[in-house]
Structures are given as C-alpha cells and as structure tokens.
Amino acid sequence: MAPQPQRGGGGNDRNRRDRNAPEGPDSDIVEKLVHINRVAATVKGGRRFSFAALMVVGDGKGRVGFGHGKAREVPEAIRKATEEAKKTMIRVPLRENRTLHHDGNGRWGAGKIMMRAAPPGTGVIAGGPMRAVLETLGVQDVVGKSTGSSNPYNMIRATFEALKVQSSPRQVASKRGKKVADLMGRRNDGASSPEAMES
C-alpha cells in the first residue's frame with residue numbers, strides 16, 4: 001500500500017524534482033535571466049500586456065545557449081525562453097577549462113563585441129548580457145568589450161557569433177590532417193628561429 005500515495009502525488013513530485021534536484025542531462029544546467037520586457041499589443045478592447053524574457057543557459061563546461069519567450073505571465077515567459085535556450089545550445093572549446101583558445105570578434109546588427117583570452121586570475125571582465133553568457137559557458141578568465149549597440153538581444157547574438165568561430169588546436173589539426181604536436185612544434189620553431197638568426 002505504500003507505493004500508492006507516491007503515484008497519486010506524481011505531479012507534485014515531478015515539479016519538486018524539477019525545481020530542487022533535476023535528473024538526467026539537464027541536472028547541471030545553470031540558468032540566467034538576462035532581460036525581461038513588458039510588451040503591449042493594441043486590440044479592439046484596448047491594450048493587451050504580455051512579458052518577453054531573454055534567458056541564457058549553460059552547463060559551465062563548454063556548452064551554452066540562449067532563448068526568447070513571450071507569455072501573459074512572467075514565469076511562463078521564463079519557462080518558454082529556458083526551453084528554447086536548452087534546444088539551441090552550442091559547444092565551445094575551452095583552453096584548460098578556464099578561458100578561450102584565441103581572441104574573437106562578433107557582430108549582429110548594430111551589436112559589436114570583442115573577447116580576449118586572459119591569464120589565470122584575471123576573472124570575467126565583461127558586463128551585461130556578455131557576462132551572463134561567459135559565466136554560464138564556464139569561462140573563468142576572459143576580457144570582453146562591447147563597442148556597439150547595448151540592446152541585449154544584439155549583444156547576446158553577437159557574443160554567440162564570436163563563440164561559434166572558436167576552434168581548438170585539436171580541431172585545426174584534424175582539419176589539416178596533422179597532429180597537434182606538429183602544429184605546436186611548428187609554432188615554437190617559428191618563434192625561436194628569428195632569435196637563432198639574430199644570434
């Protein structure tokens with residue numbers, strides 16, 4: 001007779017699991033609310049208000065996504081945006097699981113951003129929507145700058161455009177059909193050869 005009350009309260013148990021101890025691949029997902037806006041639609045009887053939410057989600061290990069949701073209530077708008085963000089997650093290679101492999105620029109509309117890899121201990125030097133994306137991505141040391149529009153939607157999309165072009169030495173080596181050691185060795189040889197020539 002003990003299992004019956006558990007089955008009877010299945011809906012409440014499911015909601016409680018989702019809030020406190022989610023299971024499966026979404027268990028380590030970090031959610032950040034970037035922007036929420038009240039929008040109005042003019043209808044025959046007057047104005048109908050609703051809310052638009054912009055969410056960023058990530059696992060802190062190199063995966064991040066963003067989504068937009070609109071509903072009559074704020075919690076529903078956030079839920080829609082979170083679901084869309086989880087569906088559109090991308091994977092970004094990180095160096096030493098703390099920073100980017102190389103500098104990057106992104107642009108979307110009037111939004112322009114610049115990101116630079118940083119040494120350990122620098123922290124996340126970025127503001128607004130860009131900071132939310134980098135923190136949920138799992139970046140610990142990076143310097144970011146926005147030089148264009150401050151519209152959060154444009155800034156988010158510009159940040160993702162910069163992250164999409166990030167590549168690791170392993171990816172570059174596989175495209176060229178070489179080994180990572182060959183690329184790194186060639187770069188070191190190139191750096192040391194001018195000194196050898198001067199000496």
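Please give the residues of segment 80-115, grouped as numeric ranges, whose backbone N is less than 18 Å from a label point set 7 Å along the Cα-to-Cβ vector of residue 149.
Answer for segment 80-115: 106-114.
Could you tell me the accessible area of residue 68 in Å² (1.4 Å probe, neighbours in place), rounded to the nearest ten?
Answer for residue 68: close to 70 Å² accessible.
Quote the accessible area belonging to residue 79 in square angstrom, nearest 10, computed with a 1.4 Å probe and with ligands, DNA and RNA left uncounted.
100 Å²
For residue 84, put the label point 7 Å out on the Cα→Cβ axis and report which residues of segment 42-61 keep their amide N under 20 Å from it.
Residues 42, 48-59 fall inside that zone.
The values are calculated or read from the model by the stated rules, or taken from the named source; none is laboratory data. Please read these numbers as outputs of a predicted model, since none were measured by experiment. Positions of Cβ are generated from backbone atoms using ideal geometry, with glycine treated the same way; all protein chains shown enter the neighbour counts. The protein model used for the area step is the full one, side chains on, heavy atoms only, and it has no ligands, DNA or RNA in it. Shrake-Rupley method; radii C 1.70, N 1.55, O 1.52, S 1.80 Å.
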